[in-house]
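The values are calculated or read from the model by the stated rules, or taken from the named source; none is laboratory data. Just so it is clear, the model here is predicted, and its values are computed rather than measured. Every residue, glycine as well, gets a Cβ built from its backbone with ideal geometry; the counts of neighbours run over all protein chains shown. Just the protein is used for accessible areas: all its heavy atoms, side chains included, with ligands, DNA and RNA removed. Shrake-Rupley method; radii C 1.70, N 1.55, O 1.52, S 1.80 Å.
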Amino acid sequence: MRDERAEAMLTRGSRERGRSSANPRQRLLHGWDWADPRIELDELAPASRVLVSAGAGEMVAALAAAGHTVTAIASNRQQLDYARRRLAGGAFEPGAAERLFDLGRGMIRAASPAWSRRRMRQFLQEGDPLRAAEQWKARLDNRSLASMLKTMLGPAGMLSALILRDFATPIPPHFDEAIRGRIARALRKHPPRDNPFAWRLLLGEELPGHRLPAVEPAAVAWVDVPLLEHLERVDPGTYDAISMSNVTDGAEERWVRDLRKAAGRAVVPGGPVIARSFATTMDDDAAKRARRDRSMLWGSIVVRR
């Protein structure tokens, strides 16, 4: 789920709004981050100055712990404060994204005994990716799951409506089929036993023993403004890299053009601007990065330089 979706949006009617249906929601949207920081860590030069969504603080902590100078941005004050608390050792708090996932998992468990908490917890102990993929295909990716996801994530589905309401993001066509395929491919590459995103998505629990890297909140610059507004204000070349999550999913075309222009100005020549999307892509490199992301959600991760 997107780390900046409501964070980057302004009020209805503003030139700088991202999605035409977006309203600012000053409440906690993400209790966990749903983007794998390994993607960013592979793309960033050492000791980069990087602008990143505050999200749940996890991407921020991973980049700061790796030696980068991090600026965390959110126009949602509750989300920004939560990210800062997480870096200070604060406990996980479920946001709107986690509640949506809980709702969906509950409906799937009611339809399929294979998805019971006990059986799913046993499945997530698997350390062999090939066996995990076989178990997924044989037991978990069943007719009940396919039917339930089609109902929930279709154009008139309940989860599609809630995602649009809370995150102002339309679900791409055939997303129910896409997410099943993305889970399967992730299991073939990343054993669930060590994948915190698999535990979160499939069970709604944290991977046992998983902790954020230790980072002083004071080591991070915290910015409480919309993304486009900030990028247009800073000096050229302020950042070596930007990670924008999937802020452009469902956004107005004009706003996306303005955002890309502002990002290109704010980043040093050749610096990466990283953006995720739920939608599938014909860009081989973007698709390969999405397959490397352990979170199982993304169809595309584009890196523009």
**Message:** Out of the trypsin sites (Lys or Arg not before Pro) in the stretch 213-304, which ones are loop residues according to DSSP with at most 16 other C-beta atoms within 10 Å?
**Reply:** none
**Message:** If I compute solvent accessible area with a 1.4 Å probe over the protein chains, what percent of it on the chain is carbon and sulfur?
**Reply:** 52
**Item:** trypsin sites (Lys or Arg not before Pro) within the stretch 157-226: DSSP coil, no more than 14 neighbouring Cβ in 10 Å
**Value:** R211
**Message:** If you restrict to DSSP beta bridges whose two residues both lie in the chain, what percentage is antiparallel, to the nearest 5?
**Reply:** 25
**Request:** Return the single residue from F167, F123, F278 with maximal mean-square fluctuation; model: Gaussian network over the chain, springs between Cα atoms under 10 Å.
**Result:** F123
**Inverse mean reciprocal Cα-Cα distance (Kirkwood Rh) of the chain, Å** = 19.5
**Asked** Using helices alone, what [θ] at 222 nm do you get for the chain, with -39,500 (n - 2.57) per DSSP H run of 4 or more residues, divided over all residues and rounded to the nearest 500?
**Response** -12500 deg cm²/dmol
